[in-house]
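One structure below.
The numbers here are math on the coordinates, done by the rules we state, and not lab data. The structure displayed is predicted, hence computed values, not measured ones. All Cβ positions, glycine included, derive from the backbone under ideal geometry; neighbour counts span all protein chains shown.
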Amino acid sequence: MTTTCGFVAIVGRPNVGKSTLMNRILGQKISITSRRPQTTRHQVLGIKTEGDVQAIYVDTPGIHLLEKDRNKAINRFMNQAATQALRDVDCVVFIIDRTRWTAEDQVVLERLAHVKAPVILAVNKVDRLADKASLLPWLEDVGARRDFAAIVPIAAKQGTNVPELEAEVAKYLPESIHYFPEDQVTDKSQRFLAAELVREKVMRQLGDELPYQMTVEIEEFRDEGRVVHISALILVERPGQKKILIGDSGERIKKIGREARLDMERALGSKVMLNLWVKVKRGWSDDERALKSLGYDLD
């Protein structure tokens, strides 16, 4: 039996649904999501094996313009991580949001100019279009911007047309042995996923109250069989941010911990004892050495 296997980069500007799409394809949460742009900060592999086909999706940070408050070391890291994912892939899925084309979409398109792999355009959130008749002329217009291998309207959250998108991707996967075991769904460790789940809950809880200068570091991850003990440190840059995160009488941090723990128990299949602390570490998001020590490393 001939098997196929290849890498597929999922790219686009922030908040177009890249992580939602990958989670939908895999049938489980691997990449965290929130309504805040730039939720994804790392390349995250999602592996889907069906019969003789193995597609290795690379979820990437949103490619964004580096302006004023978005020109810190962490922003540059995210753009580099997304661009690096375009090297040596067999196919690219470029996601845009309905019938909107922004300056950041144009930046992504320009980054794709030198990519030799076929690029499939996925037009997401079409279920939210008030005027469905506007979709067809828009697809013709956007299709003229590049010779796309295919254009697929989708609704990643609902799963609409996602199997059709996967079928298009499968056309471009080369004959190869499978690189990962059939039951493996990501290359990320449980420790990494635990940190990401805490960060997701912080971003969902605090919305616009807390800027992007927040990250999570796992200080302890101890699996005792039936119980996993996890200690996580939430880093912020200013005392005021720490106060917001903890909330009145510690209520906010308790809620974040409770929601993160429930997701961890689902992901790990065991009981979790989770401890959270908040610490001020000034300037970490614009310090390349600090970023590397916190796991923001392209290597």
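Among the listed pairs Lys29/Lys281; Lys72/Lys292; Lys18/Lys72; Lys72/Lys157; Lys242/Lys281, which are separated by more than 20 Å between their Cα atoms? Please list the in-between numbers first.
Values: Lys29/Lys281 29 Å; Lys72/Lys292 14 Å; Lys18/Lys72 23 Å; Lys72/Lys157 31 Å; Lys242/Lys281 10 Å.
Exceeds cut-off: Lys29/Lys281; Lys18/Lys72; Lys72/Lys157.
Out of residues 5 or more away from Arg13 or on other chains, whose amide H comes under 5 Å of its own, with H placed 1.01 Å from N in the peptide plane?
Ile63
List every residue whose amide H lies under 5 Å from the amide H of Ser31, counting only residues 5 or more places away in sequence or on a different chain, with H placed 1.01 Å from N in the peptide plane.
Counting only residues 5 or more places away or on other chains, the set is Asn23.
Test of understanding: what is the full-extension gain from Ser293 to Ser176, defined as 0.36 nm times their sequence separation minus their Cα-Cα distance?
Contour length minus the Cα-Cα distance gives 38.5 nm.
Where does the chain land at 222 nm, in deg cm²/dmol rounded to the nearest 500, when only DSSP H runs of n ≥ 4 count, each adding -39500 (n - 2.57), divided by all residues?
About -10000 deg cm²/dmol.
Please name whichever of Leu165, Pro181, Gly269 sits farthest to the positive end of the charge dipole of the chain, dipole taken about the Cα centre and charges placed at Cβ: Lys and Arg +1, Asp and Glu -1.
Of the candidates, Gly269 comes out farthest on the positive side.
What spacing in nm lies between the two simple spin-label points modelled at Lys281 and Leu136, each 7 Å away from Cα in the Cβ direction?
Taking the simple label geometry, Lys281 and Leu136 are separated by 5.5 nm.
Take the alpha carbon atoms of the stretch 215-269, find their center, do the same for the stretch 119-169, and report the distance between the two centers in whole angstrom.
The distance from the Cα centre of the stretch 215-269 to that of the stretch 119-169 comes to 38 Å.
Residues with amide H under 5 Å of Thr160's amide H, sequence separation 5 or more or different chain, H placed in the peptide plane at 1.01 Å from N; which?
Here Ala155 satisfy the definition.
Would you kindly derive the ³J(HN,Hα) couplings of the stretch 277-289 from the backbone phi angles with the Karplus curve 6.51 cos²θ - 1.76 cosθ + 1.60 (θ = phi - 60°), listing them in order in whole Hz, with x for Gly and Pro?
10, 10, 9, 8, 10, 4, x, 4, 6, 10, 10, 4, 5
With the crude spin-label approximation of a point 7 Å out along Cα→Cβ, what separation in nm comes out for His114 versus Lys255?
Going from the His114 label point to the Lys255 one covers 4.7 nm.
Per residue of the stretch 230-235, what does 6.51 cos²θ - 1.76 cosθ + 1.60 with θ = phi - 60° give for ³J(HN,Hα)? Whole Hz please, x for Gly and Pro, Karplus curve as stated.
10, 10, 10, 10, 9, 9
Each residue of the stretch 241-258 in turn: what ³J(HN,Hα) in whole Hz from Karplus with 6.51, -1.76, 1.60 and θ = phi - 60°, glycine and Pro shown as x?
Couplings: 5, 4, 4, 4, 5, 6, x, 5, 6, x, 5, 5, 5, 5, 5, 4, x, 5 Hz.
Under a 10 Å cutoff between Cα atoms, tell me which one of Asn161, Asn124, Asn23 has the largest fluctuation in the Gaussian network model of the chain.
Among Asn161, Asn124, Asn23, the largest GNM mean-square fluctuation belongs to Asn161.
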